[in-house]
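What follows is one structure encoded as structure tokens, with my remarks underneath.
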Amino acid sequence: MKLKITILLSLLALGLVSAQEKKWSIEECVAYALENNLTIAQLQLQLENTKIGESDAFGNFLPSLNASSNGSWNRGSGFDQTTNERISGTFFSLNGGVSSGVTLFDGLRNVNTLQRAKLSTIASQYQLDDMKDDIVLNVANSYLQVLSSKEALKAIELQITIANEEYERTKELVDAGVLPKGNLLELEATIATLEQQQVSGENNVLLNRLFLAQLLQITDYENFDIADESYEVPPSDVFNYSANEIYGKALSYRSDIKLAETNIEIAEKDVKIAKGALYPRLGASIGYNTSYSSFVRKLSGANFGDQLTENDGIGYGMNLSIPIFNGFSVKNGIKRSKINLESSKLRATQDKLALEANVNQAYLDVRSFAKSYEAAQKTLAARKLAFDFAKERYNVELMNAFDYSQAQSRLDNAEIDVIRAKYDYIFRIKILEIYFGLPITLE
């Protein structure tokens, strides 16, 4: 028994370690966000609701079928419902029937209502897809922020290691009387500054991880972490297209644009439904009725089954309703639906203009951030040369410790600037790729 408990605890411990050591890829983060986001869950319920509305609209074409019955005990003087005679005494009567009705014509409102319900389902799906696109973009941005802060922290930690090595070498020279003690003090200040930057970098990593965990709605953010990988700027086919071509592709598939266009179709159906109220409404009905009375049984001896057969009857009917005046409700309903149609068209135009502006901005951002990344790389290369030259001069005592530490600081800042510029550039590429319909990946 003790052995079983020990094995069980060991397996639980291994599972806990495994959970803590899990490193999330960007694809896993995106998939998890899409599966667990509460807004998406709400929109999925809304989609299910619109499907029910579609079923309701289809049901309007089907005949109605209803059954009814009425039983009563009477004592004293009263009317027998089956014979319509006044009688005295105690008797029981029962009436029952089945009726069915169907709409034959209602100005095509049923047809247009069904078509509208189908369009509403499509619109709900587009709304859900559009929300998924936004979440994917937000997750990608947050993921890249974590990567950027992690790489920046690694750069600072490497700088601290190098500074400590330089400190030990300088200490030996100071102890030997080759260098003044001021050089050592300057290096101590440099290391202290780097350690402050390390604390700040660790906080940035933690905050960015926390934000991504919250975006994924993961509560155990302390054990949440992403894969320890460094990414270079990926090649992309999107660079082979112009901004106008990317915009044209976005128009053909973007869920927000399709949603706007579908809303126009829904508004057009609303106009037709409203106009349908101007037409007459024609319906048909059929009913079957029968009855039983204890008084009749007493008089004639007819039993329950015989009476139901003898007293049954079938009725047919047609009903026609012609709208003449309804307090301007029909006329005003048509006006409102036409206004809503024009409003939907305006919103669709605005959405297309906004998409065009966003694509052009994303296109310009890619070019701009590419130049910023290239400039940061050139600056870093120049800082490295300057630092190497400063180090040579410092080693032969032609440069003081303060100027040397300043050269080191400029190099450190240039390295961090390159990291930030790289991930800013990668994110802008991903934005443009999303507009072009490409999936999120860092490969």
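Regarding the range 89-106, can at least one residue be identified that is modelled with pLDDT of 85 or more and either in a helix (DSSP H, G or I) or within 30 Å of Q42 (Cα to Cα) (or both)?
Step one: of the range 89-106, the residues modelled with pLDDT of 85 or more are 95-106.
Subsequent filtering for residues that are either in a helix (DSSP H, G or I) or within 30 Å of Q42 (Cα to Cα) (or both) retains none.
No, the range 89-106 contains no residue that is modelled with pLDDT of 85 or more and either in a helix (DSSP H, G or I) or within 30 Å of Q42 (Cα to Cα) (or both).
Here is a yes/no grid of residues against (1) of a type in the set (A, V, I, L, M, F, W, C); (2) touching a Lys or Arg at 6+ places or on another chain (Cβ under 8 Å); (3) more than 30 Å from F61 (Cβ to Cβ):
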position: S285; (1), (2), (3): no, no, no
position: S294; (1), (2), (3): no, no, yes
position: I314; (1), (2), (3): yes, no, no
position: S344; (1), (2), (3): no, no, no
position: L364; (1), (2), (3): yes, no, yes
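Out of the residues in the range 312-347 meeting the condition of being among the aliphatic types (A, V, I, L, M) and surrounded by 13 or more Cβ atoms within 10 Å (Cβ to Cβ), tell me which one is modelled with the lowest pLDDT. Before you say what the answer is, go through the steps one by one.
Within the range 312-347, the first condition is being among the aliphatic types (A, V, I, L, M), and the residues that meet it are 314, 318, 320, 322, 324, 330, 334, 339, 341, 346.
Checking which are surrounded by 13 or more Cβ atoms within 10 Å (Cβ to Cβ) leaves us with 330, 334, 341.
On the way: V330: 88, I334: 93, L341: 95.
Going through the qualifying residues, I end up with V330.
Being at pLDDT 90 or above and within 22 Å of A140 (Cα to Cα) narrows it down to one of L212, L259, so name that one.
Numbers: L259 fails: within 22 Å of A140 (Cα to Cα).
Going through L212, L259 in turn, the sole match is L212.
Taking the residues in the range 96-137 that are touching a strand residue (DSSP E or B) at 6+ places or on another chain (Cβ under 9 Å) and among the small types (G, A, S) as candidates, determine which candidate is surrounded by the fewest Cβ atoms within 10 Å (Cβ to Cβ).
S100
Select from the range 329-363 the residues that are basic (K, R) and touching a residue at least 60 places away in the same chain (Cβ under 8 Å) and write down the one among them that is nearest to K258 (Cα to Cα).
Initially, the range 329-363 is screened for residues basic (K, R), giving 331, 335-336, 338, 345, 347, 352.
Among the residues that remain, those that are also touching a residue at least 60 places away in the same chain (Cβ under 8 Å) are: 336, 338, 345, 347, 352.
Numbers: R336: 23, K338: 21, K345: 12, R347: 12, K352: 10 Å.
Checking each candidate, the answer is K352.
Being modelled with pLDDT of 80 or more and crowded, with 16+ Cβ neighbours inside 10 Å is the filter here; which residues of the range 171-187 pass it?
Answer for the range 171-187, where residues must be modelled with pLDDT of 80 or more and crowded, with 16+ Cβ neighbours inside 10 Å: K171, V174, L184, E186, L187.
Would you say E268 is at pLDDT 90 or above and either over 30 Å from S409 (Cα atoms) or part of a helix (DSSP H, G or I) (or both)?
Numbers: at pLDDT 90 or above: yes; either over 30 Å from S409 (Cα atoms) or part of a helix (DSSP H, G or I) (or both): yes.
Taking the combined requirement at face value, the residue satisfies it.
Report every pair of residues separated by at least 6 positions or lying on different chains whose Cβ atoms are under 9 Å apart, first residue within the range 57-71 and closer than 20 Å to L94 by Cα, second among the aromatic types (F, W, Y).
That search, which allows pairs on different chains as well, returns G71/F92; G71/Y292.
Kindly establish whether E397 is more than 30 Å from Q127 (Cβ to Cβ), outside any helix (DSSP H, G or I) and touching a residue at least 60 places away in the same chain (Cβ under 8 Å). Working first, answer last.
On the way: more than 30 Å from Q127 (Cβ to Cβ): yes; outside any helix (DSSP H, G or I): yes; touching a residue at least 60 places away in the same chain (Cβ under 8 Å): yes.
So E397 fits the description; yes.
This table checks each residue for (1) of a type in the set (V, I, T); (2) in contact (Cβ under 8 Å) with a residue 60 or more places away in the chain; (3) within 20 Å of L144 (Cα to Cα); (4) in a helix (DSSP H, G or I).
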residue: N204; (1), (2), (3), (4): no, no, yes, yes
residue: F211; (1), (2), (3), (4): no, yes, yes, yes
residue: I246; (1), (2), (3), (4): yes, yes, no, yes
residue: A250; (1), (2), (3), (4): no, yes, no, yes
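Among the residues in the range 356-379, are any surrounded by 15 or more Cβ atoms within 10 Å (Cβ to Cβ) and of a type in the set (D, E, K, R)?
Yes, some residue in the range 356-379 is surrounded by 15 or more Cβ atoms within 10 Å (Cβ to Cβ) and of a type in the set (D, E, K, R).
State which residue is nearest to Q217 (Cα to Cα) when the search covers only the range 43-68 and only residues that are touching a helix residue (DSSP H, G or I) at 6+ places or on another chain (Cβ under 9 Å) and polar (S, T, N, Q).
Among them, the one singled out is Q44.
Are any residues in the range 118-138 farther than 18 Å from K269 by Cα and of a type in the set (A, V, I, L, M), and if so, which ones?
L128, M131, I135, V136, L137 - these are the residues of the range 118-138 that are farther than 18 Å from K269 by Cα and of a type in the set (A, V, I, L, M).
Go through (1) closer than 28 Å to F427 by Cα; (2) surrounded by 14 or more Cβ atoms within 10 Å (Cβ to Cβ); (3) out of contact with any strand residue (DSSP E or B) (no Cβ under 9 Å at 6 or more places or on another chain) one by one and return the number of the condition L158 breaks.
Among (1) closer than 28 Å to F427 by Cα; (2) surrounded by 14 or more Cβ atoms within 10 Å (Cβ to Cβ); (3) out of contact with any strand residue (DSSP E or B) (no Cβ under 9 Å at 6 or more places or on another chain), L158 violates only (2).
Sort out which residues of the range 250-294 are of a type in the set (S, T, Y), surrounded by 21 or more Cβ atoms within 10 Å (Cβ to Cβ) and over 14 Å from S120 (Cβ atoms), and write them in order of number.
Of the range 250-294, the ones of a type in the set (S, T, Y) are 252-253, 255, 262, 279, 285, 288, 290-294.
From what's left, surrounded by 21 or more Cβ atoms within 10 Å (Cβ to Cβ): 262, 291-293.
The answer is S291, Y292, S293.
Output the residues belonging to the range 364-374 that are farther than 16 Å from V238 by Cβ and touching a residue at least 40 places away in the same chain (Cβ under 8 Å).
We begin by selecting, within the range 364-374, every residue farther than 16 Å from V238 by Cβ; these are 371-374.
If the condition is that a residue be farther than 16 Å from V238 by Cβ and touching a residue at least 40 places away in the same chain (Cβ under 8 Å), then S372, Y373 are the ones that fit.
Here are the criteria: (1) under 46 Å from the mean Cα position of the chain (by Cα); (2) crowded, with 18+ Cβ neighbours inside 10 Å. Tell me which single one Y221 does not satisfy.
The single condition Y221 does not satisfy is (2).
The values are calculated or read from the model by the stated rules, or taken from the named source; none is laboratory data. Nothing here was measured: the structure is a model prediction, and the numbers come from that model. Cβ coordinates were reconstructed from backbone atoms using ideal geometry, including for glycine residues, and neighbour counts include every protein chain displayed.
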